[in-house]
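Working notes, structure below.
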Amino acid sequence: MISLQGISKKFGDKSVLDDIHATFLPGKVNMVIGASGSGKSVLMKTMVGLVKPDAGRLFYKDLELGEMDGDQRNELRQKIGMLFQSAALFDSLTVLDNLLFPLRMFRPASKAAMQERVAYCLERVGLAGTEMLFPSELSGGMKKRVGIARAIVLEPQFLFCDEPNSGLDPKTSIRIDHLIQDITNEYQITTIVNTHDMNSVLECGDHIVFLYKGRKTWEGDRQLILKSDNEPLNELVYATRFLQQFREKSG
Amino acid sequence: MLQLMLRKPENGRMYWEETIRQMSSIGLGSVGIVAFVAVFMGGVSAVQTVYQLVAPYISLTVVGSIVTNSSILELGPSITSLVLAGKIGSNIASELGYMRSSEQIDALEIMGVNPVSYLVGPKVVACLTMIPLLVITSISMSILGGMVICQLTGLITFDQFIEGARSTFLPYDVFFAMCKAVTFAFFISSVSAYHGYHVQGGALEVGRASTKAVVYCCVLILLGDYILAQLLL
C-alpha cells in the first residue's frame, strides 16, 4: 500500500502538486489520470523518490519515504519496478543483459538460475526468444514489454508505469494494459499507472485518481467515471466529438 | 557529485566489470588516433627544428634533444590530452547526456543503483589509468616519428638523433609529463561527466553539453598546463 498525505510541490512560483491525498491499494490497478501538464509525472517521480516534495508525507506500507536513510531507501527501491514512458532500456545491452542487470546487481545467483528467471519474465510478457536482440531492434510495443519484464524481474511489491500506452497502436495498447492487470492480480502488487488514455482507464482502472492543475479533483473507479459530474474530468473522458454526441444522446 | 561517486558500490564485481569495459573502450579505442597524431607531431617538429637550425656551429644532434624534450614535456601530455578531450570528453558527455534524456539514469536510480557511482566512477578510474598510458604511447610515437622522418629525409641519422636525445634526457621530465597526464585525465573525465550527467532536455541539449564539455576541458588543460609548468619546473 502507498499512501500520500498532503503532497505538494512547486517549481519556482508554479505549483505543480497541491495537497494531494490518496491511498493506492495492492492487487489493484491504480490509475492517475489527467491532461498533459496536470502533474501526473511529477507525482509519480515524487512517489518513487526522484523528486522531493515541498510538503506532505508519503508512506510505503507504514514506512515514511522522507524519513528513510540511504540504506532503507535503497532496500525499498529494490521492491519497486518501474516502466518508463520511453521504456528506458539500456541501449548498449541486449534484452537478456537488460533483464540480468538488476539480478546480477542485487540478487547474484548461479548463471543458470538467473537465466531461468529472465526466461520466465520474458515468457510472461510474450517475448521468449528475443534474448539476444538489442533495444534498437525492437518495436515500441516490444520495448514496453521488455520494460515490464525488467520491472518485474526482482519480484517487486510496487509497480509504477508512466504512460505505458504512449506511442502504441490500440491493439498493442490493450495488450500492455492486460499484461499490467494480470501481473498486478497474479502477484498482488500495488500498481500505479499514469495515463491519459481513456481506453486503458475504462479497460482496467480499478482505482482512479484525477488530477487537474496539480490538484486531485476526483477519485473513483471505472464504473463511476462515466457518471461523474466533474467537468474537467468529463472533458478528458469525452474528448472526441463522437463521444460528446454519444453522451448527449444517452443523457 | 564526487562525494556520490565515492559511495560504496552495490555490487563490487559489476563495478569492476564496468571499469574494465571503460578502460578497454577509452584506452584501446584511442590508441590509433593518439599514435597517428603523435607520429606526425614528432615528424613535423623534427623537420621544423632542422629548418630553424641553419647555423653551421650548432650540432644537428640537438634535433634529437629538442624533439625528445618537447615530446616529453609538452607535445605528448598536452596535445594528446587536447585530442583526447575531443574524443573521450565528447563521448562521455554525449553518452551520459543521452542516458539522462532517455531516462536510463532514472531507471538505474529507481533500481537502487547509485548512478553517479556506477556510471561516472568507472569512467574517471579508466581515464586516470589509461590516459597516462596513452600519453606514454604518444611520447614514444612522437620521438619515433621524429627519428624516422629525420632518417628518411636524410636530415640526420638515427645515431645522431639518439645521441642528442640521450644527452639532455632527465627522468624528472617523465615524472612531470605523468603529473600532467593524471591531472588532465581528471579534468577530461570529471568535466565531461558533469556536463553529460546534468543534461536537461533532448538531442539539442545533449549536443550542447558535449560541445561545452570539450571547450571547458580544453580551457582547463591549457590553464593546468601553465600552472603545472610554473609549479613543477
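Counting only protein heavy atoms, probe 1.4 Å: which residues of segment B:1-38 lose 10 Å² or more of accessible surface in the full assembly compared with their chain by itself?
B:GLU10, B:ASN11, B:MET14, B:GLU17, B:ARG21
Considering the convex hull of the alpha carbon atoms of chain B, report its projected area averaged over all viewing directions, in nm², one decimal.
Values: hull surface 56.5 nm².
Taking a quarter of the hull surface, the average projection is 14.1 nm².
Specify the residue with the greatest mean-square fluctuation among A:SER36, A:SER200, A:SER166, computed from a Gaussian network of chain A linking alpha-carbon atoms under 10 Å apart.
A:SER36
List the pair-distance distribution P(r) of chain A, using every Cα-Cα distance, as the percent of pairs falling in each 10 Å bin from 0 up to the bin containing the longest distance, rounded to whole percents.
7, 30, 34, 21, 7, 1, 0
Report the gain in length on full extension from B:SER25 to B:ALA203: 0.36 nm times residue separation, minus Cα-Cα distance, nm rounded to one decimal. Don't skip to the answer; put the middle values down first.
On the way: separation 178, 0.36 × 178 = 64.08 nm, distance 2.32 nm.
That works out to 61.8 nm of additional length.
Of the options A:THR130, A:GLY70, A:PRO170, report the single residue whose Cα projects farthest towards the positive end of the charge dipole of segment A:62-179 (beta-carbon charges: Lys, Arg +1; Asp, Glu -1).
Going by the charge dipole, the pick is A:THR130.
Taking the radius of gyration and the Kirkwood hydrodynamic radius from Cα positions alone, what is the Rg/Rh ratio for the protein assembly as shown, to two decimal places?
Reported Rg/Rh, Kirkwood definition of Rh: 1.14.
First measure r as the distance between the Cβ atoms of B:VAL215 and B:LEU4, then evaluate 1/(1 + (r/R0)^6) with R0 = 35 Å and state the FRET efficiency to the nearest 0.05. Walk me through the intermediate numbers first.
Working: r = 25 Å, r/R0 = 0.71.
About 0.90, to the nearest 0.05.
What does the helix-only formula give at 222 nm for the protein assembly as shown: each DSSP H stretch with n ≥ 4 adding -39500 (n - 2.57), the total divided by the residues, and the result rounded to the nearest 500 deg cm²/dmol? Don't skip to the answer; put the middle values down first.
Numbers: 21 runs with 275 residues, N = 484.
Estimated from H runs of four or more residues: -18000 deg cm²/dmol.
Let me check I have the definition right: for segment B:86-190, take the eigenvalues of the Cα gyration tensor, multiply each by 5, take square roots. What are those semi-axes in whole Å, largest first?
43, 15, 8
Averaged over peptide B:96-108, how many Cβ atoms belonging to another chain are found within 10 Å of each residue's Cβ?
The per-residue average across the peptide is 5.
Using a 1.4 angstrom probe on heavy atoms only, work out the carbon and sulfur share of the accessible area of segment B:150-233 in %. The partial results should precede the final answer.
Working: 3250 of 4730 Å².
Looking at segment B:150-233 in its full context, I get 69 percent from C and S.
Could you state the accessible area per residue of segment B:14-88 in Å², with a 1.4 Å probe and every protein chain left in place?
On the way: 3380 Å² over 75 residues.
Ligands and nucleic acids excluded, the result is 45 Å² per residue.
Round to the nearest 0.05 the FRET efficiency obtained for B:THR129 and A:LEU25 when R0 = 51 Å and r is the Cβ-Cβ distance.
0.50
Can you give the percent of C-alpha pairs in segment B:3-74 whose distance is more than 15 Å?
Beyond 15 Å sits 70 percent of the P(r) for segment B:3-74.
Using Cα springs under 10 Å in a Gaussian network model of chain B, which residue among B:GLY86, B:GLY97, B:GLY202 shows the largest mean-square fluctuation?
B:GLY202
Accessible area per residue of segment A:130-251 at 1.4 Å probe, in Å²? Don't skip to the answer; put the middle values down first.
Working: 5950 Å² over 122 residues.
Here the residues of segment A:130-251 average 49 Å² of exposed surface.
Between helix A:140-152 and chain A, what is the angle of the helix's C-alpha long axis to the longest principal axis, kept within 0 to 90° and rounded to the nearest 10?
The angle comes out near 70 degrees.
Excluding ligands, DNA and RNA, what is the solvent-accessible area per residue of segment B:104-233 at a probe of 1.4 Å, expressed in Å²?
Result: 45 Å² per residue.
Strictly greater than 20 Å: what percent of every Cα pair in segment B:31-140 meets that?
55
Round to the nearest 10 and give me the degree value, 0 to 90, for the angle of helix A:111-124's Cα axis relative to the longest principal axis of chain A.
Once rounded, one gets 30 degrees.
Please give the length that would be gained between A:PHE59 and A:GLN245 if that part of the chain were fully extended, namely 0.36 nm times their separation in residues minus their C-alpha to C-alpha distance (nm, one decimal). Could the numbers behind the result be given before it?
On the way: separation 186, 0.36 × 186 = 66.96 nm, distance 4.25 nm.
This chain segment gains 62.7 nm when fully extended.
Looking only at the protein assembly as shown, where both bridge partners belong to it, what percent of the DSSP beta bridges are antiparallel (to the nearest 5)?
Around 50 percent antiparallel, to the nearest 5.
Looking only at other chains, what is the average number of their beta-carbon atoms within 10 angstrom of each beta-carbon in A:102-110?
Taking all residues of A:102-110 together, the mean is 3.
Round to the nearest 0.05 the FRET efficiency obtained for A:ASN230 and B:LYS87 when R0 = 56 Å and r is the Cβ-Cβ distance.
0.50
For segment A:75-129, what size does the Cα cloud have along each of its three principal axes, sorted from largest down, in whole Å?
31, 30, 23
Rounded to the nearest 100 Å², what is the buried accessible area between A and B, both sides summed, probe 1.4 Å? Intermediate values should be presented prior to the final figure.
On the way: alone 12630 and 11890 Å², together 22640 Å².
The buried area between A and B, both sides summed, comes to about 1900 Å².
Report in % the part of the accessible area of segment B:1-100 that belongs to carbon and sulfur, leaving out ligands and nucleic acids; probe 1.4 Å.
Ligands and nucleic acids excluded, carbon and sulfur reach 67 percent.
Between A:LYS14 and B:SER59, what is the label-point separation in nm under the 7 Å Cα-to-beta-carbon projection?
Output for this residue pair reads 7.4 nm.
May I ask you to find the residues of segment A:83-100 that are shielded by at least 40 Å² of accessible area once the whole protein assembly is considered instead of their isolated chain (probe 1.4 Å)?
A:PHE84, A:PHE90, A:ASP91
For a label point 7 Å from the Cα of B:PHE175 along Cα→C-beta, name the residues of segment B:197-232 whose backbone N is under 13 Å from it.
Of the residues in segment B:197-232, B:232 have backbone N under 13 Å from the label point off B:PHE175.
Please identify, among A:PHE11, A:PHE90, A:PHE24, the residue showing maximal mean-square fluctuation in a Gaussian network model of chain A using a 10 angstrom Cα cutoff.
Looking only at A:PHE11, A:PHE90, A:PHE24, the largest GNM fluctuation is found for A:PHE11.
Which percent of the accessible area of chain A is formed by carbon and sulfur heavy atoms (probe 1.4 angstrom)? List each step's numbers first, then the result.
Working: 5860 of 11710 Å².
Carbon with sulfur: 50 percent of the solvent-accessible area.
The values are calculated or read from the model by the stated rules, or taken from the named source; none is laboratory data. Because the structure is predicted, anything quoted here is derived from the model rather than measured. Heads up, the Cβs are rebuilt from the backbone with ideal geometry, glycines too, and the neighbour counts pull from every protein chain shown. Heads up: the accessible areas ignore ligands, DNA and RNA and are worked out on the full protein's heavy atoms, side chains in. Shrake-Rupley method; radii C 1.70, N 1.55, O 1.52, S 1.80 Å.
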